[in-house]
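Below: the structure, in structure tokens.
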Amino acid sequence: MTYTKILGTGSYLPKRIVTNDELSERMETTDEWIRARTGIEQRHMAAPNESSVDMAEQAARRAMESAGVTGEELDLIICATSTPEHLFPSNATQLQARLGCRTIPAFDMQAVCSGFVYALSTADKFIKCGGYQRILVLGAELFTNALNWEDRTTAILFGDGAGAVVVGPSEEPGIYGSVLHSDGGYKELLWAPQGPGSSAEDYPNRGRFIEMQGRDVFKVAVRSLSSLVGELLEHCDFDAADIDYLVPHQANLRIISATAEHLNLPMEKVIVTVNKHANTSAASVPLALDHGVRSGQIQRGHNLLLEAFGGGFTWGGCILTY
Ligand code: UT7
């Protein structure tokens, strides 16, 4: 049987760190409130001359180096992002040129915070269908550009960054399976109303910034992720006791803890980066994965459960042996 295996991981965070205290000078909030309600202590913010493609390129180069794969060897690039540098062309095609690839297929995928798990699941299908040997999968976001800095309920939550993996076929276990969901009925609980394709009459007084009903999103996120992990274990015929690490989407430490509790996993078995990175949307899971690998927590042979929940709503996850 052919599995999709993660051959290497990489990530990139912009240099500038913005602490909660710095935000409290700009808006009515406190370090204490942000830590207590979210677990966030700081976030990274892209430099004025840095785009989501620039960050993705750095993460990609690190993942390719750790996988021992050159740009010429890649067969496909999938970049999960809701903050592409341009409306078009996609981030992925820019990466194709920058990384010295052949004229391979390259496309962006938009599933907001679940983008990376959607993209990884898509790459898994390409590998299993045959013909694709090396696929670069990324999550890259410049969310601080999409924030209304007058709105303390959203501005404190997000950060910038990129994460990447290179995957390829293997006879040894890799991805066992994935489960993906969406429910567009919730769109107005977490959205950026105005898009380039909005009708001329729609949303005339609203901007391109993120708007969220945090408390309602929180409740649906906890409920959906709790049900997702049970569904994933069943789908992959896995026992929760056999999961070595949960690599969750990093939106809120309270949501992460609730999911871990549902799996009966102690927090030592959870990769947590929300304190340092805040919510980096599609970049959050690959950033956490790379952090877990490079810190030595995640080792070859470990079983990982990756999950995410975000705008749409979209949610999903997968179980794999690293
Ligand atoms: O990645 C996509 C998924 N996104 C998420 O999963 C986010 C889910 N939601 C959350 O993480 C939480 O709902 C938040 C962190 C956004 C908010 O936490 P909460 O415990 O749900 O707070 P709340 O929205 O119920 O607000 C509690 C109070 C309110 O004041 P009143 O009405 O009780 O007087 C808010 O106005 O806290 C106030 N508040 C703040 N206070 C200080 C809201 N934002 C802030 C702030 N600083 N930044």
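General observations
- Sub-9 Å Cβ pairs linking a first residue in segment 235-247 that is without any contact (Cβ under 8 Å) to a residue 12 or more places away in the chain to a second residue that is of a type in the set (Val, Ile, Thr) and not in a loop (DSSP other than H, G, I, E, B), at least 6 apart or interchain, number zero.
- When segment 109-130 is filtered for residues that are at negative phi, of a type in the set (Val, Ile, Thr) and in contact with a helix residue (DSSP H, G or I) (Cβ under 8 Å, 6 or more places away or on another chain), only Val117 remains.
- Residue within segment 281-291 that is crowded, with 17+ Cβ neighbours inside 10 Å and part of a loop (DSSP other than H, G, I, E, B) present: no
- Within segment 299-313, one or more residues are away from the ligand (no atom under 16 Å from the Cβ), surrounded by fewer than 22 Cβ atoms within 10 Å (Cβ to Cβ), among the basic types (Lys, Arg) and outside any helix (DSSP H, G or I).
- Segment 192-213 - residue that is buried (at least 17 other Cβ atoms within 10 Å of the Cβ) and touching a strand residue (DSSP E or B) at 6+ places or on another chain (Cβ under 9 Å) and, of those, nearest to Ala146 (Cα to Cα): Ile210
- Selected residue (criterion: farthest from Ala162 (Cα to Cα)) from residues of segment 80-108 that are in contact with a Ser or Thr (Cβ under 7 Å, 6 or more places away or on another chain) and open to solvent by less than 60 Å² (accessible area, probe 1.4 Å): Ala106
- Number of positions in segment 248-284 that are hydrophobic (A, V, I, L, M, F, W, C), more than 11 Å from the ligand (Cβ to nearest atom) and within 20 Å of Ser11 (Cβ to Cβ): 4
- The listed residue being away from the ligand (no atom under 16 Å from the Cβ) and modelled with pLDDT of 95 or more, out of Pro196, Pro173: Pro173
- Residues of segment 254-269 satisfying the condition of being open to solvent by less than 60 Å² (accessible area, probe 1.4 Å) and either touching a helix residue (DSSP H, G or I) at 6+ places or on another chain (Cβ under 6 Å) or of a type in the set (Gly, Ala, Ser) (or both): Ile255, Ser257, Ala258, Thr259, Ala260, Leu263
- So Thr321, is it of a type in the set (Val, Ile, Thr), open to solvent by 10 Å² or more (accessible area, probe 1.4 Å) and more than 16 Å from the ligand (Cβ to nearest atom): yes
- You will find that of Leu74, Leu7, the residue that is closer than 25 Å to Gly292 by Cα, open to solvent by 30 Å² or more (accessible area, probe 1.4 Å) and modelled with pLDDT of 95 or more is Leu7 and no other.
- Answer residue from segment 222-247, given it is under 21 Å from Gly177 (Cα atoms) and within 11 Å of the ligand (Cβ to nearest atom) and is surrounded by the fewest Cβ atoms within 10 Å (Cβ to Cβ) among those: Ser224
- All positions within segment 110-129 that are without any contact (Cβ under 8 Å) to a residue 60 or more places away in the chain and either open to solvent by 40 Å² or more (accessible area, probe 1.4 Å) or not in a helix (DSSP H, G or I) (or both): Gln110, Lys125, Phe126, Cys129
The values are calculated or read from the model by the stated rules, or taken from the named source; none is laboratory data. Computed from a predicted structure; not experimentally measured. As a convention, Cβ positions derive from the backbone with ideal geometry for all residues, glycine included, and neighbour counts pool all protein chains shown. All accessible areas refer to the heavy atoms of the entire protein, side chains included, with ligands and DNA or RNA removed. Shrake-Rupley method; radii C 1.70, N 1.55, O 1.52, S 1.80 Å.
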